[in-house]
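**Student:** Right, I'll just put the structure down here and ask away after.
The values are calculated or read from the model by the stated rules, or taken from the named source; none is laboratory data. Everything numeric here is computed off the predicted structure, so don't read it as measured data. Don't worry about glycine lacking a Cβ; one is built from the backbone with ideal geometry, like all the others, and counts go over all protein chains shown. Side chains included, ligands, DNA and RNA excluded: accessible areas come from the protein's heavy atoms. Shrake-Rupley method; radii C 1.70, N 1.55, O 1.52, S 1.80 Å.
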Amino acid sequence: MKRGTLFISAVLVLLMLLFMCLSAAAENVSFEISAEKEDLRTGETIRLSLTFKGTRDVPEPHFTHLDAFTISYIGPSSRVAIINGRYSSSIIHNYHITPLKTGSFQIGPLAVKYNGNTYTSNAVKINVTEDTAAPPIPQDQVYGTKPYKKTERVFITLTPTKTTVYINEAVPVALRLFARDAGVREIELPELSNVNISVGQFDKPIQRRVVIGGIQYETLEFNTTMFATSVGQFKLGPASLDCTVVMRDNLPRSFFDDNLFGNMFTSAKPVTLKSEVMTISVLPLPEESRPKDFRGAVGSFDLDVGLSAQEVKVGDPVTVKISITGKGNFNTVTAPVISATEDFKLYDPAVKQNKNSKTFEQAVIPMKNTINSIGQIRFSYFDPVSQTYHTITKGPFPLLVTGSDAGLKAKTIDAQTKEKRQQEVLGKDIAYIKEAPGALKIKGRPLYLNPLYWLLHVFVLLLYVGVLVYHRRRQRLQGDDGYARKLRAPKQARAALRSVKALLAEGKAEEFYDGVFRLISDYLSDKLHLSPGEATKSSLVGVLRSRGVQDDTLKMLEDILSACDKARYARIGFGADEMSKTYQQLEELIVLIGKMKL
C-alpha cells in the first residue's frame, strides 16, 4: 500500500472520528420567538426576540417584513450557562416592531435555514387597539417612558451636536439620563433606532449633577458618534434605556444626600425610558472645488509620512508608513496613492485604526538603481466645519538605491541556461524499445486487502461506541440523582469500611460504632435512594423487606444497628470481641447487599 494512500485514509478516518465525537456531544438547537407584550396600541413599539438555544453561531435572520407592523433590527445578544455541570448556550436576535393598524395578528411560525438545517419557531399573537388618551398619572409614578416632560422625575434625552449634517460627517451624540428624588439602578446600555444613520458604540458613562430651571438633577451621560450614509431626511431615535427606578421615601432630604445611586429608596420598578425622535437632514458633499484625488474622507485631518530606511538595494523592500490623525469619520479615510511607475513594485498596505488615527504601512520595492526618491504623497479631505476641501502634500522622500538591476536579469538568464543545459544532457540518454513486456506483477496491494485498513475501521467504530456510551452515562449521572447515588455507593462503602477497620485496630470503640452506623446509613440511603432523615432502623428494614431481601440478611442488619445503638447510647458493647463480631457482620452484610439488585 502506498504511503500517500494510507496517509489520506488515516486523515479521513480521523475526521470521521472527530465528526462522530462532536455529534455525540452536540446540543440540540431549538428556535422560538417571544414578544415583550401581547396587547399594544397603534404606534407603540415593543421588542420581538428570536432565540436560538443550543448555539451562539446563528447569524441575523433575514427578517424584514411583517404584516401590519414596521420592523427594525436592534442587534444580537448571547448567553452561556452551566447548570448542574451541563453547558448550554443561546443567541438572541432582537427587533423593534410597531403596529400600523388595529386588529389581532399572528407572528410566525418562522423558518430559518442554517448550516443545511431548517429551524421552525412557535407563533405569537399580538392584539392591537386604538391609542386613546391615558388617564393622568401621579407625579411620583412618571418615569419618562414617553418623550421628555417637565413633570417627570426620571427621563432621558437624545442630543446630537448638529441636526443638519453632510453625508459621512461624524457627529457627536449624547444620551443623558436625568433623575431627581428617585434612584436609578441596573442601568443597561442604551439602544438607538435609526435608518440610514450609522451609530457607534456608547462610551463609558459620565456622572454629573446639573440644575435645570432651579431643579437639581443627577445625570448619567452616554456619548457616541453617528454619521449618515445617504442623502435626505431621516429619523434618529427614539433611544431607549432599560433600568430600575426606585422612589425615595417621604423623608426630609438634604442637598448632599440626593445621590443617583443612593440606598434610601423604596418601590422599585423596572422601566424602559424613551427619548424624543430627532430629524436629521443630510446634505451631499459639494461638487465645486472638489480635488481630483478626493476619495471621500470627511473631517479635519493631518498627514505624516516616513520611510523605514533611507538606503536599500535593488529588489529589497522599503516600508512607507502613512499616519493620518485628527477628528472625523475614519471609516471614510483610505490610503493615499503612491505614484506607481515601472521603477517601483507596490504591495497592498496594512491598516491599523484607532479612535483618532489611522495608519497605513505599504511595502515598496525599487526595481532600478537610478531611483533617488519616492514621489509626493497627497491626501485630500472635506472639512464640514469650514465647508471646504483641503489637500495635504508630503514629499518627495529621498531614497538611495544601490546594487545593479542587471543582477536580477543575470539570475533569470543563468536559470534558463542551466535548465536548457540539463535538458540537453538528458537528451543523450537512449532507451531501446523492448520487444516483449517481460514478467508483470502488481505494484503494491489494494487498500482493502490490507489488515491495517480494516483494523483502523474497527478501532474507530469501537471508539465511537465508547464515546457514545460515555456521553449517555454522563448525561444520566447529571440528570438522574438516584442512579448517581446508587453508582457511587459501593466505592464510598469500601472507603468507609477501611476507616472503620482502622478504628477497630486502634480500639476506639465509640468512634468505631459511630462509623459503622454512618456507613450503613449512607450506603443504604444511596442504594435505596432515601433521604438522610429516612435512614432509621425500622425504615431501612421495611424498605429492604419490600424489595425481597431475605430474613437472615434483615436479622443481620438489625443486630448491627442494635449493637450500634447500645454502644452509642447505653455505653454497652465496647469490648474487643463485640467490636470484632460487629465488623465481621458488617463486611458480610455489605457483600450480600452488593450482590442484590435493589
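**Student:** log₁₀ I(q)/I(0) of the stretch 298-402 at q = 0.11, 0.14, 0.18 Å⁻¹, via Debye over equal Cα point scatterers, no solvent, to two decimals?
**Tutor:** Calculated log10 I(q)/I(0) at the listed q: -0.36, -0.56, -0.84.
**Student:** With label points built 7 Å along Cα→Cβ from the Cα atoms of L461 and T163, find their separation and express it in nm.
**Tutor:** Using points 7 Å along Cα→Cβ, the separation is 7.6 nm.
**Student:** Taking θ as phi - 60°, what are the ³J(HN,Hα) couplings along the stretch 208-215 by the Karplus curve (6.51, -1.76, 1.60), each to the nearest whole Hz, with x for Gly and Pro?
**Tutor:** Residue by residue, the stretch 208-215 yields 9, 10, 10, 10, 10, x, x, 10 Hz.
**Student:** Per residue, how much accessible surface does the stretch 298-402 expose to a 1.4 Å probe? Answer in Å², no decimals.
**Tutor:** Ligands and nucleic acids excluded, the result is 52 Å² per residue.
**Student:** Let me ask another. Apply the Karplus curve 6.51 cos²θ - 1.76 cosθ + 1.60, θ = phi - 60°, to the phi angles in the stretch 190-206 and return the couplings in whole Hz, x for Gly and Pro.
**Tutor:** Working through the residues one at a time gives x, 10, 10, 7, 6, 10, 6, 10, 8, 10, x, 6, 6, 6, 4, x, 10 Hz.
**Student:** Still on this structure: Relative contact order for the stretch 481-595: what is it in percent, counting Cα pairs under 8 Å that are at least 6 residues apart?
**Tutor:** Here the relative contact order equals 29 percent.
**Student:** If r is the Cβ-Cβ distance from R180 to T334 and R0 is 41 Å, what FRET efficiency results, to the nearest 0.05?
**Tutor:** Computed FRET efficiency for R180 and T334 comes out at 0.30.
**Student:** Distance check, please: which entries in K274/K355; K501/K555; K37/K269; K37/K125; K537/K566 exceed 20 angstrom between their Cα atoms?
**Tutor:** K274/K355; K501/K555
**Student:** Using a 1.4 angstrom probe on the protein heavy atoms only, could you order E191, E38 from most to least accessible area?
**Tutor:** E38, E191
**Student:** At 1.4 Å probe size, with the rest of the protein present, what percent of the exposed accessible area of the stretch 298-402 is carbon and sulfur atoms?
**Tutor:** Answer for the stretch 298-402 is 48 percent, counting heavy atoms of protein chains only.
**Student:** Shifting gears a bit: Return the whole-Å distance between the Cα centroid of the stretch 506-565 and the Cα centroid of the stretch 337-363.
**Tutor:** Between the Cα centres of the stretch 506-565 and the stretch 337-363 lies a distance of 82 Å.
**Student:** Work out how much length A505 to L554 would gain on full extension: take 0.36 nm times their residue separation and subtract the Cα-Cα distance, in nm to one decimal.
**Tutor:** 14.9 nm
**Student:** Can I ask one more? Which loop trypsin sites (Lys or Arg not before Pro) in the stretch 321-357, with loop taken from DSSP, have no more than 11 other Cβ atoms within 10 angstrom of their Cβ?
**Tutor:** For trypsin sites (Lys or Arg not before Pro) across the stretch 321-357 that sit outside H, G, I, E and B with at most 11 neighbouring Cβ atoms in 10 Å, the list reads K355.
**Student:** Further question: Among the GluC sites (Glu not before Pro) within the stretch 276-379, which fall in a DSSP loop and have no more than 10 other Cβ atoms within 10 Å of their own Cβ?
**Tutor:** Here the sparse-neighbourhood loop sites are E287, E288, E342.
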